[in-house]
Amino acid sequence: MEQQLEKLVRRYQKAAERKQYWEPHWKECYEYAFPLRENVSSELYGGDYGAKKNLCLYDGTAPDAVDQLASSLLSELTPPWAKWFGLKPGSELKPQEQEQIAPTLENTSEIMLQNFEHSNFAVEIHQCYLDLVTAGTACLMFEEAPIGSATAFHFYAVPLREIAIEESADGKIDTTFRCSKLNLDGIRTRFSEAQIPGSLADRCREDRDYQLKVIEAVLPRNCNAGGCGYSYTAFAWDENGGAQDSFILREGVFETSPFINFRWLKAPGEIYGRSPVMKALPDIKTANKVVELILKNASISVTGIWQADDDGILNPDNIKLIPGAIIPKAVGSKGLTPLAAPGDFDLSQLILNDLRQRINHALLADRLAQIDTPNMTATEVLERSAEIARILGAAFGRLQSELLTPLLKRAFYILRRRGDILNFDLDGKIVDLQYKSPLALAQSRKDIGNVTEWVKMLSSFGADALAAVDVSEASRWLGRTLCVPANLIREAEEMLPTEQPALDEGGENAAGM
């Protein structure tokens, strides 16, 4: 066991060393764009929980744009007030089998959605979106809630300072290390079955603030060795005593990783992602400096800069530059004389407006903002959806692969293991995922627009041209494309006309009537 722990620690330390190159960059991004988030590295910069973190921030354009982009991602990808995913029959099922299994899949997706809605998913995923927009990388821990809770899911947005990740040869982030500090109550809450040594437990009872360094390692298993999945090991690590004074808190095997790591975009050869804030950071820092200079110039304009003769009578310490103040001076002396400023700073407003415009454009605040027009036509809605899909298309493709698919698969496997849903595989052949978020439905709206335009063109040719349209099949296709519940769509055999008794050759029916 000691060799196993030492091997895991060495691997974690190497991953943490690679992350240190990113930490100064992350710190700068958080300082200018999201100062309320915790420090990205408590080891480098020290823990300062509850301290003021925006003392050097003078311009609020970037923090406001970051919040707007994170809110847009929440509403476009995982809206908490709508059904943003579903299950659909796989490609290997026959049409009749797809129609039979559709109601069951609809009920399964409803159970999954209820568990998401009753959990803290909306709160924690929004925090992850803020990290994603600011630093380019985010981590969501997806745990199973205790039996008897209102939901089977529990989430936690892991700060970047606690994680170190590795990327596999195929580009997947399948190895995650998390290093955190927990006191005795925290360990008993998360690892209730852990056996804590008596001496250490006594020390934790004496000092309630004493914390242990806990390392969690999630590594992919070798499928050729028998069974895929992820190996999970959580242990308390003593840096002074090493493996001898360390002990395992929990071991196990997960079908899917409990840590979901996702990125905004990444450069070839890099593990951690890059964010929109990184692209706009030069403009953000410049705008912050311009506002600082404007405020300094304003303070000079209000209080002024003064000069006075040193005649031995005037005492600058007794002078207060406030409205209505009377400053005595000696007869014949000049007293206080204002010093003329070399010039004004009016040009700064033009520079600042240009900088703010570029910041909002880089963080998509100007392109994803809410439209002021309350009553839009259907064409305007389609064009608006198409524009949002074009802007977020590249990021959505990566988020679908690294966030949505692992998230929904883990939720499905947790509910299946607990017996809350039927036992079937989510492999894409029999059952597949279906994304129903507003951003995912943008292409569906475009397909619907094409079909509608086709029907309109046929109607101009007359009734003979419209006969080419299978109205019943087109209605069912529209229902499936718009994600209408399966129980509201009548199947083909239900729409057939009532069969008449068969007639024999003489024109009489089989009963001889």
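From the residues in the range 173-198 that are among the polar types (S, T, N, Q) and surrounded by fewer than 17 Cβ atoms within 10 Å (Cβ to Cβ), which one is nearest to ARG18 (Cα to Cα)?
Of the residues in the range 173-198, the ones among the polar types (S, T, N, Q) are 175-176, 180, 183, 189, 192, 195.
Next, only the ones that are surrounded by fewer than 17 Cβ atoms within 10 Å (Cβ to Cβ) stay: 183, 189, 192, 195.
Values: ASN183: 28, THR189: 31, SER192: 33, GLN195: 33 Å.
Within the range 173-198, the match that is nearest to ARG18 (Cα to Cα) is ASN183.
Within the bounds of the range 272-282, is there any residue that is at pLDDT below 85, out of contact with any Gly (no Cβ under 6 Å at 6 or more places or on another chain) and either open to solvent by 60 Å² or more (accessible area, probe 1.4 Å) or not in a strand (DSSP E or B) (or both)? If you could, list the steps in order and put the result at the bottom.
Our first condition is that a residue be at pLDDT below 85; within the range 272-282, this holds for none.
No: zero hits.
Please verify whether GLY428 is out of contact with any Ser or Thr (no Cβ under 8 Å at 6 or more places or on another chain) and farther than 22 Å from PHE259 by Cα, treating the condition exactly as stated. No. For the range 68-94, enumerate the residues that are over 20 Å from ALA411 (Cβ atoms), at pLDDT 90 or above and open to solvent by less than 30 Å² (accessible area, probe 1.4 Å). Answer for the range 68-94, where residues must be over 20 Å from ALA411 (Cβ atoms), at pLDDT 90 or above and open to solvent by less than 30 Å² (accessible area, probe 1.4 Å): LEU69, ALA70. Which of the residues spanning the range 138-169 are closer than 15 Å to PHE121 by Cβ, open to solvent by less than 10 Å² (accessible area, probe 1.4 Å), part of a strand (DSSP E or B) and touching a helix residue (DSSP H, G or I) at 6+ places or on another chain (Cβ under 6 Å)? Listed by number, the residues that qualify are ALA138, LEU140, PHE142, PHE153, PHE155, ALA157.
Going by the conditions given, is GLU97 surrounded by 15 or more Cβ atoms within 10 Å (Cβ to Cβ) and in a helix (DSSP H, G or I)? So that I can check it myself, show each step before the final result.
Working: surrounded by 15 or more Cβ atoms within 10 Å (Cβ to Cβ): no; in a helix (DSSP H, G or I): yes.
Considered against the rule, which asks whether it is surrounded by 15 or more Cβ atoms within 10 Å (Cβ to Cβ) and in a helix (DSSP H, G or I), GLU97 comes out as no.
Applying the set (1) surrounded by fewer than 14 Cβ atoms within 10 Å (Cβ to Cβ); (2) modelled with pLDDT of 70 or more to LEU339 leaves exactly one unmet item: (2). Kindly provide the set of residues from the range 199-227 that are modelled with pLDDT of 80 or more, open to solvent by less than 80 Å² (accessible area, probe 1.4 Å) and either of a type in the set (Ser, Thr, Tyr) or under 20 Å from PHE259 (Cα atoms) (or both), ordered by number. Passing the criteria: TYR210, LYS213, VAL214, ILE215, GLU216, ALA217, VAL218, LEU219, PRO220.
In the range 106-118, which residues are at pLDDT 90 or above and either touching a Phe, Trp or Tyr at 6+ places or on another chain (Cβ under 7 Å) or not β-branched (Val, Ile, Thr) (or both)? Walk me through how you get there before you give the answer.
Filtering the range 106-118 for residues at pLDDT 90 or above gives 107-118.
Within the range 106-118, ASN107, SER109, GLU110, MET112, LEU113, GLN114, ASN115, PHE116, GLU117, HIS118 qualify.
Would you tally the residues in the range 448-462 being open to solvent by less than 80 Å² (accessible area, probe 1.4 Å) and over 19 Å from VAL484 (Cβ atoms)?
The first filter runs over the range 448-462 and keeps only residues open to solvent by less than 80 Å² (accessible area, probe 1.4 Å), leaving 448-449, 451-452, 455, 458-459, 462.
From the residues that got through so far, the ones that are over 19 Å from VAL484 (Cβ atoms) too are 458-459, 462.
So the count comes out to 3.
For the range 411-457, a residue qualifies if it is in a helix (DSSP H, G or I), under 15 Å from SER109 (Cβ atoms) and either without any contact (Cβ under 8 Å) to a residue 12 or more places away in the chain or not aromatic (Phe, Trp, Tyr) (or both), and the qualifying residues are ALA411, ILE414, LEU415, ARG416.
Look through LEU422, LEU488, LEU482 and report the one residue that is out of contact with any Leu (no Cβ under 9 Å at 6 or more places or on another chain), at pLDDT below 80 and loosely packed, with under 15 Cβ neighbours inside 10 Å. Break it down stepwise before answering.
Numbers: LEU422 fails: at pLDDT below 80; LEU482 fails: out of contact with any Leu (no Cβ under 9 Å at 6 or more places or on another chain).
Unique residue meeting the criteria: LEU488.
The values are calculated or read from the model by the stated rules, or taken from the named source; none is laboratory data. The model shown is predicted, which means the values in this text are computed figures rather than measured ones. Counting neighbours? That spans all protein chains shown, and the Cβs are built from the backbone with ideal geometry, glycine included. Ligands, DNA and RNA are excluded from the accessible area calculation, which covers all protein heavy atoms including side chains. Shrake-Rupley method; radii C 1.70, N 1.55, O 1.52, S 1.80 Å.
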